[in-house]
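A.B. asks: Have a look at this one before I ask anything.
The values are calculated or read from the model by the stated rules, or taken from the named source; none is laboratory data. The structure presented is a predicted model; accordingly, all values stated were derived computationally and were not measured. Here Cβ is always computed from backbone atoms with ideal geometry, including for glycine, and neighbour counts include all displayed protein chains. The area values use the complete protein model at the heavy-atom level, side chains included, leaving out ligands, DNA and RNA. Shrake-Rupley method; radii C 1.70, N 1.55, O 1.52, S 1.80 Å.
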Amino acid sequence: GDSVTQMEGPVTLSEEAFLTINCTYTATGYPSLFWYVQYPGEGLQLLLKATKADDKGSNKGFEATYRKETTSFHLEKGSVQVSDSAVYFCALSDSSGGSYIPTFGRGTSLIVHP
Amino acid sequence: KAGVTQTPRYLIKTRGQQVTLSCSPISGHRSVSWYQQTPGQGLQFLFEYFSETQRNKGNFPGRFSGRQFSNSRSEMNVSTLELGDSALYLCASSQFGAADNSPLHFGNGTRLTVT
């Protein structure tokens, strides 16, 4: 079945540091890929998405590129802020593969210090 | 546009009781799905409803059930509560659900504590 693997957290960075959170996936079809963010006490919010190979999703300074050859969708940001502290989830949705259940990674906690 | 609304935000129940959680999706969204979030298991899919029909179901016991009304509002019921049911229950809505790979819009969740 489909699966998503994220790097273990927590990731601890100083403000203005460069961020990478790795995400790889396995899917039987041609999935769409997503990054969601969860702030303390809240539900998940869509951060960005990409629907086909080589697409780049971007939002609020975050970027991720759909790499079919490496089955990856790594999240990056050039300069993190304290307000970026949250849990980040990589996810896929693969209706073309016959599965109608979105698959989520375990989440990566990001802590940004001033 | 109003977001996904879940009620109540917090619940404390005793083992053996039952509980009903409510979710109002974004206007126009016909798909509502439910997730259980725990530190140990992460996000686990419970079920999805589309136009009042359960379309997909995760790997949870029959004590977990749900339904969707004609206005797309959904309820989730857990009977005979166990300590392990303590979790954050998240509801998410989308226009057509995973069938068209559309993104999910989540509520803030209901924090259930079973004592």
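A.B. asks: Given a 1.4 Å probe and every protein chain left where it sits, what share in percent of the accessible area of chain B is carbon and sulfur? Can you show the working numbers first?
C.D. replies: Values: 2480 of 5280 Å².
C and S fraction of accessible area: 47 percent.
A.B. asks: Can you pull the three principal axis extents for the Cα set of the protein assembly as shown, in Å, largest first?
C.D. replies: For the protein assembly as shown, the Cα spread along each principal axis is 48, 40, 34 Å.
A.B. asks: Highest mean first, what order results for A:36-44, B:43-51, A:62-70 on Cβ atoms within 10 Å?
C.D. replies: Details: A:36-44: 18.4, B:43-51: 20.4, A:62-70: 15.9.
Peptide ranking by packing, descending: B:43-51, A:36-44, A:62-70.
A.B. asks: Hey, any idea what % of chain A's accessible area is carbon plus sulfur with a 1.4 Å probe?
C.D. replies: On the way: 2630 of 5310 Å².
The computed percentage sits at 50.
A.B. asks: Still on this model: Kindly compute the accessible surface that chains B and A hide from a 1.4 Å probe when together, both sides summed, and give it to the nearest 100 Å².
C.D. replies: 1700
A.B. asks: Using the heavy atoms of the protein chains alone and a 1.4 angstrom probe, what is the accessible area of the protein assembly as shown per residue in square angstrom? Kindly include the intermediate steps, with their values, before the conclusion.
C.D. replies: Values: 10590 Å² over 229 residues.
Spelled out: the 1.4 Å probe surface of the protein assembly as shown, per residue, equals 46 Å².
A.B. asks: How much length is gained on full extension from A:VAL82 to A:LYS60, taking 0.36 nm per residue of separation minus their Cα-Cα distance? Write out the running numbers ahead of the final one.
C.D. replies: On the way: separation 22, 0.36 × 22 = 7.92 nm, distance 1.37 nm.
Gain on extension, A:VAL82 to A:LYS60, equals 6.6 nm.
A.B. asks: So, one more: How many Lys pairs in the protein assembly as shown lie less than 17 angstrom apart by Cα atoms, where the lysines are 8 or more positions apart or on different chains? Present the calculation step by step, with values, prior to reporting the outcome.
C.D. replies: On the way: A:LYS49/A:LYS60; A:LYS49/A:LYS68; A:LYS49/A:LYS77; A:LYS52/A:LYS68; A:LYS56/A:LYS68; A:LYS56/A:LYS77; A:LYS60/A:LYS77.
Eligible lysine pairs with Cα atoms under 17 Å apart amount to 7.
A.B. asks: Nearest 20 debye, what's the magnitude of the dipole of chain B about its Cα centre given +1 on Lys and Arg Cβ and -1 on Asp and Glu Cβ?
C.D. replies: On the way: 11 positive and 6 negative charges, 38 e Å.
Dipole of chain B, to the nearest 20 debye: 180 debye.
A.B. asks: Also: Between B:LEU83 and A:SER3, what is the FRET efficiency for a Förster distance of 35 Å, r being their Cβ-Cβ separation, to the nearest 0.05? Can you show the working numbers first?
C.D. replies: Values: r = 28 Å, r/R0 = 0.81.
Efficiency at R0 = 35 Å is approximately 0.75.
A.B. asks: Now, a different point. For chain A, give me the percentage of DSSP beta bridges that are antiparallel, rounded to the nearest 5 percent.
C.D. replies: 90
A.B. asks: Provide a list, ordered by number, of residues in segment A:43-89 showing at least 40 Å² less accessible area with every protein chain present than when their chain is taken on its own, using a 1.4 Å probe.
C.D. replies: Those residues are A:GLY43, A:LEU44.
A.B. asks: Something else: Between A:ALA53 and B:SER27, with labels modelled 7 Å along Cα→Cβ, what's the label distance in nm to one decimal, could you check?
C.D. replies: Between A:ALA53 and B:SER27, the simple spin-label model gives 4.2 nm.
A.B. asks: Would you work out which of B:HIS105, B:GLN18, B:SER65 lies farthest towards the positive end of the dipole of chain B? Charges go on Cβ: Lys and Arg +1, Asp and Glu -1.
C.D. replies: Selected residue: B:GLN18.
A.B. asks: Computed over the Cα atoms, what is the radius of gyration of segment A:1-96 divided by 2.2 N^0.38 Å, N being its residue count? Show your work: numbers first, answer last.
C.D. replies: Values: Rg = 13.1 Å, N = 96, 2.2 N^0.38 = 12.5 Å.
Computed over Cα atoms of segment A:1-96, the ratio equals 1.05.
A.B. asks: Moving on to the next point. When only C-alpha pairs under 8 Å and at least 6 residues apart count, what is the relative contact order of chain B, in percent?
C.D. replies: Working: 300 pairs, mean separation 41.7, N = 115.
With pairs under 8 Å counted, the relative contact order is 36 percent.
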